[in-house]
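This report refers to the structure that appears directly beneath it.
The values are calculated or read from the model by the stated rules, or taken from the named source; none is laboratory data. The structure displayed is predicted, hence computed values, not measured ones. Here the Cβ is made from the backbone with ideal geometry for all residues, glycine too, and neighbour counts use every protein chain on show.
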Protein chains: 2
Amino acid sequence: MSSCESLSQELQTLFAFIDQNSEQFIDLLAKAVKIKSISAQKDTRDDTIFMVKWFEQQLQTRGLTTELVDIGSEQWPDGQTLPLPPVLLAQLGNDPTKKTLCVYGHLDVQPADIADGWNTDPFVLIELDGKLYGRGATDDKGPVMAWINIIDAYQSTGIDLPINLKFIFEGMEESGSVGLNELIIAKGSTFLANVDYICISDNYWLGNTKPCLTYGLRGNAYFFVEVKCAAKDLHSGVYGGSVHEAMTDLLALMSKLVDNKGNILIPGVLDDVLPLTASEEAMYESIDFNHHSYREEIGTKRLLFETKSEILAHRWRYPSLSIHGIEGAFSGAGAKTVIPRKVIGKFSIRLVPNQNPDKVGQQVIQYLENEFAKLDSPNRLSVIRRKASKPWIANTDNDNFKAAKLAISSVFGVEPDLTREGGSIPVTLTFEEVTGKSVILLPIGGCDDGAHSQNEKIDRKNYIEGTKVLASYIFHLSKN
Amino acid sequence: MSSCESLSQELQTLFAFIDQNSEQFIDLLAKAVKIKSISAQKDTRDDTIFMVKWFEQQLQTRGLTTELVDIGSEQWPDGQTLPLPPVLLAQLGNDPTKKTLCVYGHLDVQPADIADGWNTDPFVLIELDGKLYGRGATDDKGPVMAWINIIDAYQSTGIDLPINLKFIFEGMEESGSVGLNELIIAKGSTFLANVDYICISDNYWLGNTKPCLTYGLRGNAYFFVEVKCAAKDLHSGVYGGSVHEAMTDLLALMSKLVDNKGNILIPGVLDDVLPLTASEEAMYESIDFNHHSYREEIGTKRLLFETKSEILAHRWRYPSLSIHGIEGAFSGAGAKTVIPRKVIGKFSIRLVPNQNPDKVGQQVIQYLENEFAKLDSPNRLSVIRRKASKPWIANTDNDNFKAAKLAISSVFGVEPDLTREGGSIPVTLTFEEVTGKSVILLPIGGCDDGAHSQNEKIDRKNYIEGTKVLASYIFHLSKN
């Protein structure tokens with residue numbers, strides 16, 4: 001497909017270079033995978049910081065100017081304080097006649113241990129049947145290395161980099177992107193001032209065969225529902241029958257949040273959800289997504305909805321409420337006869353346009369307080385709103401998406417699907433709000449890459465053709 | 001009170017000896033407390049075995065014949081196998097013209113660490129304001145040592161031991177009395193064959209001021225309600241809205257078990273509960289129990305019932321259902337956005353006469369399966385019955401209770417309250433069923449001793465006067 005007749009001479013040269021140097025690109029990814037940059041573990045914090053510095057070195061070697069922004073330290077529950085990995089800012093080119101693209105990605109990875117069920121050492125990249133296995137292969141070291149690869153491609157082929165490139169790479173994404181939002185806001189009038197486009201390089205295709213571009217994310221509102229019944233945990237034999245148990249109240253409340261058909265029961269929460277348009281529905285119909293395979297992958301006999309459109313719509317453009325668990329209750333194996341003194345139910349609502357997290361938060365609190373009042377309980381209720389994120393939806397009728405579509409066509413010979421994601425990447429909206437420019441999510445990995453699972457991988461094809469897509473993307477951006 | 005005029009010469013002598021030797025009795029308890037016989041911890045298993053052997057030595061020194069019964073080993077979740085502490089059988093006297101009393105107690109203790117909030121080292125017995133603080137002081141080393149003390153008293157004063165004494169002391173009570181039930185059954189035709197009375201020495205007064213005798217215990221039926229929705233844990237952003245979540249089904253089921261007034265909602269479960277009789281109610285009225293202090297101790301604004309009688313009745317003679325927690329759901333601190341693939345709700349029902357655990361088990365399973373069918377869920381439900389114990393209630397109009405009442409009157413000058421307990425001591429019923437003889441629970445500690453808590457204690461008065469009660473109890477048993 002990369003030999004498509006209409007391909008410009010530059011892209012032909014770049015694609016040929018990428019094909020010829022694929023082993024070298026895979027070697028670079030192997031070097032990155034080898035660094036145990038697990039941000040969630042104390043013992044790998046040094047590795048995570050090293051990863052950022054190693055990557056900075058890679059960029060400096062290629063002529064980028066770099067800056068490591070200190071975002072301070074964090075205290076662990078055991079009282080120990082550890083430095084946070086710095087955020088890496090980098091820049092290549094400062095030509096006022098060119099457009100400027102800012103790319104976001106992350107250098108840290110999820111925990112991984114061969115004992116968790118990996119078939120091979122998670123920190124040794126290994127190729128089997130065209131798949132490159134290793135922690136971070138697809139999330140997010142593969143995509144991030146692809147950005148270095150295209151710099152190599154342009155520089156080695158002597159083709160002038162057609163745009164100015166800026167990078168923001170962090171080392172805390174898998175641990176809540178601590179400090180990143182504040183940094184983006186702080187850099188709004190400096191590093192980000194003259195940016196024309198934003199590209200988030202941290203998601204996946206909807207399937208395995210057809211590329212996509214992502215233009216929407218759900219937000220999230222997370223709640224803690226705390227009920228206290230006693231000054232201490234009580235023995236159910238000694239006290240059971242005389243005490244208003246906190247668990248009984250909590251379960252009464254939590255069972256009234258959502259029914260088992262997925263309908264959210266909190267009054268008003270659905271009021272601001274935009275109605276489904278005919279064109280949206282038609283688009284869902286045409287998307288390359290097999291809901292039968294999806295059902296099988298989950299391992300359930302039946303999904304909440306029967307059609308592809310309904311399933312996509314309920315994952316992307318309708319809110320959903322999930323109950324995650326209870327803190328403070330007995331959660332171990334075996335049989336313990338405790339009446340827990342304080343229990344904290346945890347649930348979250350995925351938010352969609354035009355839901356507002358503050359309004360939803362108030363509706364949830366009001367509803368739970370009303371329902372609790374009906375129980376006439378002597379216990380104490382406290383509903384706590386955790387940090388919420390807004391939904392994000394982008395206009396796709398602009399130069400950023402146009403360039404990305406052309407890039408995918410130039411490599412794969414097909415138009416990408418336009419997709420949304422059900423999850424949240426809060427910095428997406430921050431980038432958009434701070435710069436006022438178009439943000440795109442441009443994935444290169446496949447849906448079955450197992451980002452947070454055992455045996456994470458990226459297909460060789462996705463990594464190499466994805467590198468071509470990025471090379472082509474900046475080429476087309478420059479033609480806008 | 002111990003100088004009550006009607007006291008026999010023997011009891012006056014015994015009581016005087018006990019008063020004169022109270023420091024020596026406290027020293028013995030201090031030696032026992034010093035041994036870290038925590039059965040629930042691997043690293044103290046050797047101490048627990050040592051405790052049994054140390055105690056055997058104490059008994060041998062006093063002329064008892066002893067036997068350590070090997071009850072095998074247990075495997076820990078990590079695969080390690082540890083020997084179980086042996087059960088200590090002991091006997092003093094074998095006179096066919098005397099009655100034989102068998103006493104049960106335990107030599108192991110709950111875990112304790114000064115870091116948990118103890119004011120002093122839990123394994124160093126210390127007296128402050130008439131209270132003897134230390135792990136096991138009241139549960140159950142204090143009561144067990146009191147049995148040695150009375151042997152000393154009889155032997156030192158030259159008063160012939162009026163009955164034959166048999167002891168069964170175990171080292172696994174705080175870890176489920178592993179192997180004990182089987183041992184009691186196995187010894188039915190040998191060690192336990194010629195026993196006339198059983199005394200369980202392992203519970204507490206209802207209050208702090210008035211002694212009691214305990215004639216009833218609730219049983220327990222424990223259930224695991226497992227719901228599976230997927231082959232793996234799912235991200236609530238990616239999958240939420242498309243999947244029948246296991247937590248939603250589980251909460252729907254668990255919220256239908258009991259209402260927040262304590263009413264069990266499972267049809268048929270209450271059918272066999274014996275109706276409250278007028279005499280029972282009158283007895284509750286006269287019991288020395290302050291439900292206001294009880295409410296304050298729990299730390300709640302309001303109990304489920306307003307009167308003393310209702311509260312006692314619902315702790316002792318009515319069933320109660322407590323929801324303990326959920327295994328498999330998110331239970332940590334913080335906010336995790338998981339849809340758990342498999343969740344196991346845990347609850348138990350305290351059983352009372354004439355409820356039958358098997359019948360209740362069938363009713364619970366039938367009810368949950370019916371309710372689950374109404375949900376029309378594709379998820380898989382599995383309700384698992386855990387080992388259940390029957391309720392126990394004793395006839396108090398017999399020589400065993402008569403002797404214990406006289407013993408308490410002889411020491412405290414008051415008639416004891418007749419109480420039940422809401423918890424379960426399954427071996428109680430086993431002793432009764434195997435021997436066909438009267439079983440009594442004869443407590444010496446107070447209700448505020450904090451058996452499983454920090455700063456466990458027994459009052460000096462309870463320990464010393466309790467020793468007198470036991471000395472008097474066997475004296476009166478011999479007069480039957």
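Among what's in the stretch A:206-220 and is within 25 Å of B:Asp249 (Cα to Cα) and in a strand (DSSP E or B), pick the residue that is farthest from the other protein chains (Cβ to nearest Cβ).
This residue is A:Gly219.
Listed by position, the strands (runs of 3 or more DSSP E) contained in the stretch A:87-140 that have at least 3 residues being within 23 Å of A:Tyr204 (Cα to Cα) and in the same structural domain as A:Pro162 (by TED's automatic domain parsing) are A:100-106, A:126-128, A:131-133.
Looking only at residues that are crowded, with 22+ Cβ neighbours inside 10 Å and within 14 Å of chain A (Cβ to nearest Cβ) in the stretch B:408-424, which one is farthest from B:Ile474 (Cα to Cα)? So the residue we want is B:Gly422. Taken as a whole, the condition of being out of contact with any Asp or Glu (no Cβ under 6 Å at 6 or more places or on another chain), in a strand (DSSP E or B), small (Gly, Ala, Ser) and closer than 30 Å to A:Tyr222 by Cα applies to B:Gly325. Taking the stretch A:60-69 only, how many residues are of a type in the set (A, V, I, L, M, F, W, C) and either in contact (Cβ under 8 Å) with a residue 60 or more places away in the chain or surrounded by fewer than 11 Cβ atoms within 10 Å (Cβ to Cβ) (or both)? The qualifying residues number 2.
Does B:Gln80 satisfy the criteria of being modelled with pLDDT under 95 and in contact with a Lys or Arg (Cβ under 9 Å, 6 or more places away or on another chain)? Against the criterion (modelled with pLDDT under 95 and in contact with a Lys or Arg (Cβ under 9 Å, 6 or more places away or on another chain)), B:Gln80 qualifies. The criterion of being in a strand (DSSP E or B), under 28 Å from A:Ser177 (Cα atoms) and of a type outside the set (Ser, Thr, Tyr) holds for A:Val439. Residues in the stretch B:318-328 that are at the interface with chain A (Cβ under 7 Å from one of its Cβ atoms) and of a type outside the set (D, E, K, R): B:Tyr318, B:Ser320, B:Ser322, B:Ile323, B:His324, B:Gly325, B:Ile326. Taken as a whole, the condition of being under 29 Å from B:Glu432 (Cα atoms), surrounded by fewer than 16 Cβ atoms within 10 Å (Cβ to Cβ) and in contact (Cβ under 8 Å) with a residue 24 or more places away in the chain applies to B:Gly72.
Yes or no: the stretch B:395-403 includes at least one residue that is over 20 Å from B:Lys99 (Cα atoms), more than 14 Å from chain A (Cβ to nearest Cβ) and surrounded by 19 or more Cβ atoms within 10 Å (Cβ to Cβ). Checked against the condition, which is being over 20 Å from B:Lys99 (Cα atoms), more than 14 Å from chain A (Cβ to nearest Cβ) and surrounded by 19 or more Cβ atoms within 10 Å (Cβ to Cβ), the stretch B:395-403 yields no hits at all. Within the stretch B:425-446, being under 13 Å from the mean Cα position of the chain (by Cα) and surrounded by fewer than 20 Cβ atoms within 10 Å (Cβ to Cβ) holds for one residue alone: B:Pro426. Scanning the stretch B:185-215 for residues that are within 17 Å of the chain's Cα centre (by Cα) and of a type in the set (Val, Ile, Thr) gives B:Ile198, B:Ile200, B:Thr214. Against the conditions (1) outside any helix (DSSP H, G or I); (2) at the interface with chain A (Cβ under 7 Å from one of its Cβ atoms); (3) of a type in the set (D, E, K, R); (4) closer than 21 Å to A:Gly237 by Cβ, B:Arg315 satisfies every one except (1).
With the structure loaded, tell me whether A:Lys256 is touching a Leu at 6+ places or on another chain (Cβ under 8 Å) and in a loop (DSSP other than H, G, I, E, B) or whether it fails that test.
yes
Considering the stretch A:221-233, the residues that are at the interface with chain B (Cβ under 7 Å from one of its Cβ atoms) and buried (at least 20 other Cβ atoms within 10 Å of the Cβ) include one that is farthest from A:Glu415 (Cα to Cα), namely A:Ala230. Counting the residues of the stretch B:286-304 that are more than 7 Å from chain A (Cβ to nearest Cβ) and not in a helix (DSSP H, G or I) gives 4.
Within the stretch B:1-12, the set of residues being crowded, with 17+ Cβ neighbours inside 10 Å and modelled with pLDDT of 95 or more comprises B:Leu11 only. Scoring B:Gly268 on the criteria (1) surrounded by 21 or more Cβ atoms within 10 Å (Cβ to Cβ); (2) more than 10 Å from every other protein chain (Cβ to nearest Cβ) leaves a single failure, condition (1).
Of the residues A:Ser255, A:Ser348, A:Ser331, which single one is at the interface with chain B (Cβ under 10 Å from one of its Cβ atoms), among the polar types (S, T, N, Q) and in contact (Cβ under 8 Å) with a residue 60 or more places away in the chain?
Values: A:Ser255 fails: in contact (Cβ under 8 Å) with a residue 60 or more places away in the chain; A:Ser331 fails: in contact (Cβ under 8 Å) with a residue 60 or more places away in the chain.
Selected residue: A:Ser348, the only one of A:Ser255, A:Ser348, A:Ser331 that is at the interface with chain B (Cβ under 10 Å from one of its Cβ atoms), among the polar types (S, T, N, Q) and in contact (Cβ under 8 Å) with a residue 60 or more places away in the chain.
The residues of the stretch A:331-357 that are among the hydrophobic types (A, V, I, L, M, F, W, C), assigned to a loop (DSSP other than H, G, I, E, B) and surrounded by 23 or more Cβ atoms within 10 Å (Cβ to Cβ) amount to a single one, A:Val352. Of the conditions (1) within 12 Å of another protein chain (Cβ to nearest Cβ); (2) over 30 Å from A:Gly446 (Cβ atoms), A:Asn203 satisfies every one except a single condition; which number is it? All conditions are met except number (2).
Scanning the stretch A:310-321 for residues that are under 22 Å from A:Asp448 (Cβ atoms) and of a type outside the set (Lys, Arg), we see that the one that is nearest to the chain's Cα centre (by Cα) is A:Trp316.
Let's see how each residue does on (1) assigned to a loop (DSSP other than H, G, I, E, B); (2) out of contact with any Cys (no Cβ under 6 Å at 6 or more places or on another chain); (3) free of Cβ contacts under 8 Å to residues at least 12 places away in the same chain:
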{"position": "A:Val225", "(1), (2), (3)": "no, yes, no"}
{"position": "A:Lys232", "(1), (2), (3)": "yes, yes, no"}
{"position": "A:Asp271", "(1), (2), (3)": "yes, yes, yes"}
{"position": "A:Leu276", "(1), (2), (3)": "yes, yes, no"}
{"position": "A:Ser279", "(1), (2), (3)": "no, yes, yes"}
{"position": "A:Tyr284", "(1), (2), (3)": "no, yes, no"}
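Taking (1) facing chain A (nearest Cβ under 7 Å); (2) free of Cβ contacts under 8 Å to residues at least 24 places away in the same chain; (3) surrounded by fewer than 24 Cβ atoms within 10 Å (Cβ to Cβ) in turn, B:Gly241 satisfies each apart from (3). The residues listed here are B:Tyr104, B:Tyr133; of these, the one that is within 21 Å of B:Leu28 (Cβ to Cβ) and in contact with a Lys or Arg (Cβ under 7 Å, 6 or more places away or on another chain) is B:Tyr133. Within the stretch B:291-303, restricting attention to residues that are more than 23 Å from the chain's Cα centre (by Cα) and either buried (at least 21 other Cβ atoms within 10 Å of the Cβ) or among the aromatic types (Phe, Trp, Tyr) (or both), which residue is farthest from A:His244 (Cα to Cα)? Applying the filter and picking the extreme gives B:Thr300.
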